[in-house]
1. So which pairs qualify, if the first residue must be in segment B:320-331 and on the phi > 0 side of the Ramachandran plot, the second must be in a strand (DSSP E or B) and of a type in the set (Asp, Glu), the Cβ gap must be under 9 Å, and the two must be at least 6 apart or on different chains?
2. Need pairs with beta-carbon distance below 7 Å; first residue surrounded by fewer than 16 Cβ atoms within 10 Å (Cβ to Cβ) and within segment B:249-263, second outside any loop (DSSP other than H, G, I, E, B); sequence gap 6+ or separate chains.
3. When segment B:1-17 is examined, which residues are found to be out of contact with any Cys (no Cβ under 8 Å at 6 or more places or on another chain) and either more than 11 Å from chain A (Cβ to nearest Cβ) or of a type in the set (A, V, I, L, M, F, W, C) (or both)?
4. Looking only at segment A:342-356, which residues are within 21 Å of the chain's Cα centre (by Cα) and closer than 21 Å to A:Arg45 by Cβ?
5. Using the structure shown, decide if B:Arg165 is modelled with pLDDT under 95, outside the structural domain of B:Leu301 (by TED's automatic domain parsing) and closer than 24 Å to B:Ala243 by Cβ.
6. Checking the structure you have, find out if any residue of segment A:50-66 is at pLDDT 95 or above, within 14 Å of chain B (Cβ to nearest Cβ) and outside any helix (DSSP H, G or I).
7. Please go through segment A:160-178 and give me each residue that is within 22 Å of the chain's Cα centre (by Cα) and in contact (Cβ under 8 Å) with a residue 24 or more places away in the chain, ordered by number.
8. Of all residues in segment A:336-345 being in contact (Cβ under 8 Å) with a residue 60 or more places away in the chain and in contact with a strand residue (DSSP E or B) (Cβ under 7 Å, 6 or more places away or on another chain), which is surrounded by the most Cβ atoms within 10 Å (Cβ to Cβ)?
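The values are calculated or read from the model by the stated rules, or taken from the named source; none is laboratory data. None of these values were measured; they are calculated from a predicted model. Quick reminder, even Gly has a Cβ in these numbers, built from the backbone with ideal geometry, and neighbours come from all protein chains shown.
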Number of protein chains: 2
Amino acid sequence: MNYFSSNFKLGILGGGQLGKMILYHTRKYDIHTCVLDPSKDAPARLACDEFSVGDLLDYETVVNFGKQVDILTIEIENVNVEALETLEKEGIRVYPSAKTLRTIQNKATQKLFYRDHDIPTADFSRFAHTSEIEDAVENGGLEYPFVWKSARFGYDGQGVKVVRRYTDLVDLPNVECIAEDLIPFKNELAVIVARNSKGHLKTYPVVEMEFHPEANQVEYVICPARIPDNIAKKAELVALKTAAAFEHVGLLAVEMFQTENDDIIVNEVAPRPHNSGHYSIEASYTDQFEQHLRCILGLPLGNTESKVAGVMVNLVGAEDYTGNVLYKNIEDIMAMDGVTPHIYGKKQTRPFRKMGHVTIVNKDINKAREVAEKVKKTIEVISE
Amino acid sequence: MNYFSSNFKLGILGGGQLGKMILYHTRKYDIHTCVLDPSKDAPARLACDEFSVGDLLDYETVVNFGKQVDILTIEIENVNVEALETLEKEGIRVYPSAKTLRTIQNKATQKLFYRDHDIPTADFSRFAHTSEIEDAVENGGLEYPFVWKSARFGYDGQGVKVVRRYTDLVDLPNVECIAEDLIPFKNELAVIVARNSKGHLKTYPVVEMEFHPEANQVEYVICPARIPDNIAKKAELVALKTAAAFEHVGLLAVEMFQTENDDIIVNEVAPRPHNSGHYSIEASYTDQFEQHLRCILGLPLGNTESKVAGVMVNLVGAEDYTGNVLYKNIEDIMAMDGVTPHIYGKKQTRPFRKMGHVTIVNKDINKAREVAEKVKKTIEVISE
């Protein structure tokens with residue numbers, strides 16, 4: 001199939017920021033795109049060829065949307081999987097596959113998948129309801145502390161909790177969940193694996209999530225990770241094994257922990273372009289969005305190496321502001337060498353809302369890290 | 001003015017490929033854009049917020065379009081300048097200015113401007129009609145050979161001719177024109193100058209246009225130019241002087257010749273992103289389209305240095321093909337490291353039509369040049 005000059009149509013489920021960034025490259029290659037999103041104001045409403053408003057979780061909507069395209073991809077996992085199964089049966093190529101999405105959508109199934117495929121991950125127990133956890137602890141089947149995770153999406157910011165004692169459990173929703181061993185780690189790492197529909201594989205360099213020492217929140221994504229080569233190699237191998245197990249087509253972002261014993265264990269995966277790869281727009285030979293396209297279209301994979309070192313800082317709404325967004329001091333950070341803000345186009349800010357990100361590149365990783373700190377101290381996402 | 005979160009509107013006259021590439025960055029910064037183009041199928045119809053179809057040379061159309069925006073820029077010089085003058089009087093900020101465009105639109109006026117501002121350029125004579133040239137030669141006021149150039153736009157591919165004898169003159173249109181000294185040169189060079197509305201100036205590295213030895217056609221744009229440092233310095237200074245003379249705001253691409261005596265003379269300028277800067281998308285810290293935006297919005301200028309060396313190859317329609325375009329072997333070039341095709345989205349090819357470009361980047365300029373040659377030998381723009 002000739003994507004560049006025929007009647008080929010690519011469908012994207014979700015028109016958020018990731019979709020918008022994929023569209024930079026469909027425009028570059030002049031690939032006809034159709035986007036479905038529940039919001040008429042979705043960022044990807046512009047730059048696509050056809051934009052439809054509809055519920056990504058509604059079977060009929062997704063089937064009808066998918067039928068008009070040749071290849072269908074997603075920018076968000078939370079879509080109707082039955083619809084994707086129907087579309088696959090009708091010959092639409094769906095990447096990531098319905099099977100992969102079904103596995104990933106449920107954290108218990110995802111963890112079982114790792115166990116079944118001999119992929120290192122923290123031990124866990126599975127519960128149909130949070131209320132069953134208490135019994136398990138009383139029977140000696142589970143010990144504090146552990147990490148509670150709801151199995152399903154949709155508990156924004158409330159899907160994960162470290163449980164150290166009984167009282168930590170009481171406010172949790174009574175849903176399907178897992179209780180995972182709390183494993184002390186030195187570093188949180190991520191590797192993006194690119195695999196095209198012909199089975200060719202490449203990995204992006206290992207990136208490091210640097211946490212704020214007090215807030216325990218990711219502050220910087222740093223590429224390359226400042227870790228020894230043998231650890232990086234280990235992380236790459238685990239990521240490759242994971243992508244191979246899924247027989248994945250597209251990007252697979254594999255989030256991992258480097259434990260205190262220097263083991264690498266998988267935390268979770270995202271079968272699409274990912275926050276941990278945003279640095280690639282400015283730093284890599286082939287950015288993750290272009291690479292995702294190359295994968296799902298069966299094109300040759302691009303070079304995943306970096307031209308320069310990159311650090312990414314998320315732009316989130318400041319704690320005390322709600323209303324029409326204002327990017328305070330944005331001009332000051334734009335005056336710093338190698339700094340590129342990306343504004344997602346949400347008109348309203350609220351505390352901790354993800355409003356954009358900033359990439360800092362430099363030939364010297366330490367210099368990039370320094371500038372990133374200056375960026376973080378300078379720009380503020382407040383309201384007018 | 002807060003471009004990132006207010007009701008600010010940026011207008012772009014022309015919705016071609018350059019406009020389309022500017023829109024990557026207005027999307028990145030979430031800047032509201034309005035585009036005017038005569039064709040409803042213009043590449044920039046997508047990705048802008050508001051698209052209007054209309055004649056760029058029609059006074060009323062341009063005035064009405066311009067009145068709704070705060071800042072107006074162009075991606076093509078051939079627009080109605082009277083309309084821009086009216087808009088400037090009404091307080092719309094127009095970059096480049098109506099005055100600059102009026103000077104540039106006419107090659108005779110442009111050359112006089114260089115002479116008046118002591119900017120080195122080839123000597124020339126000005127004629128109201130081509131038919132007057134013969135008399136000038138007979139009177140001894142002009143000698144063969146010289147370069148005939150029509151003063152006005154609109155003679156696509158026919159606006160320039162080397163005239164060596166009388167018979168070379170006979171088929172030329174009888175229009176306002178100049179006859180310019182034919183100066184042998186070693187290299188054709190270009191420098192893009194960025195100047196923002198606050199008067200801050202930066203230059204991109206000198207690029208070199210490498211010509212095909214027989215066809216006398218630009219084959220490769222190479223950054224950085226493979227010339228001695230003192231020549232590069234000289235070219236940069238001439239370009240800066242030219243931008244300063246225009247009191248230019250935005251990008252000014254200055255095309256120059258390095259003569260056999262190593263003098264630098266200005267050939268012509270383009271007051272906008274330019275073909276000679278396309279390499280910057282993949283190679284520079286700040287690409288030319290983002291830089292143009294930074295200039296006209298009065299934002300700090302970005303770093304104009306390169307992360308890696310870049311070579312650009314134009315993709316033009318092959319000689320013997322007309323019809324629905326097919327990019328033959330595009331997958332083969334995409335398999336080469338550091339190669340990025342840009343497809344402009346024209347559905348029909350014809351001989352020599354500009355259909356796209358390909359950028360080749362590498363840490364080593366010689367390696368990039370080698371790959372560029374492979375790219376040129378591999379891809380073909382033909383019809384289905």
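1. B:Asn329/B:Glu380
2. As it stands, the answer is B:Glu260/B:Phe185; B:Glu260/B:Lys186; B:Asp262/B:Ile231, since those pairs meet every condition given.
3. Quick first cut of segment B:1-17, residues out of contact with any Cys (no Cβ under 8 Å at 6 or more places or on another chain) only: B:1-8, B:13-14, B:16-17.
B:Met1, B:Phe4, B:Phe8, B:Leu13, B:Gly14, B:Gly16, listed by residue number.
4. Result: A:His342, A:Ile343, A:Tyr344, A:Gly345, A:Lys346, A:Arg353, A:Lys354, A:Met355, A:Gly356.
5. Numbers: modelled with pLDDT under 95: yes; outside the structural domain of B:Leu301 (by TED's automatic domain parsing): yes; closer than 24 Å to B:Ala243 by Cβ: no.
No: the conditions fail for B:Arg165.
6. Of all residues in segment A:50-66, those at pLDDT 95 or above come to A:50-66.
Checking which are within 14 Å of chain B (Cβ to nearest Cβ) leaves us with A:50-51.
Okay, now just the ones that are also outside any helix (DSSP H, G or I), so A:50-51.
The answer is yes, given that some residue of segment A:50-66 is at pLDDT 95 or above, within 14 Å of chain B (Cβ to nearest Cβ) and outside any helix (DSSP H, G or I).
7. Quick first cut of segment A:160-178, residues within 22 Å of the chain's Cα centre (by Cα) only: A:160-162, A:177-178.
Within segment A:160-178, A:Cys177, A:Ile178 meet the criteria.
8. Going through segment A:336-345, the residues in contact (Cβ under 8 Å) with a residue 60 or more places away in the chain turn out to be A:342, A:344-345.
When the remaining residues are screened for being in contact with a strand residue (DSSP E or B) (Cβ under 7 Å, 6 or more places away or on another chain), the result is A:342, A:344.
Details: A:His342: 22, A:Tyr344: 19.
Once the filter is applied, the top-ranked residue is A:His342.
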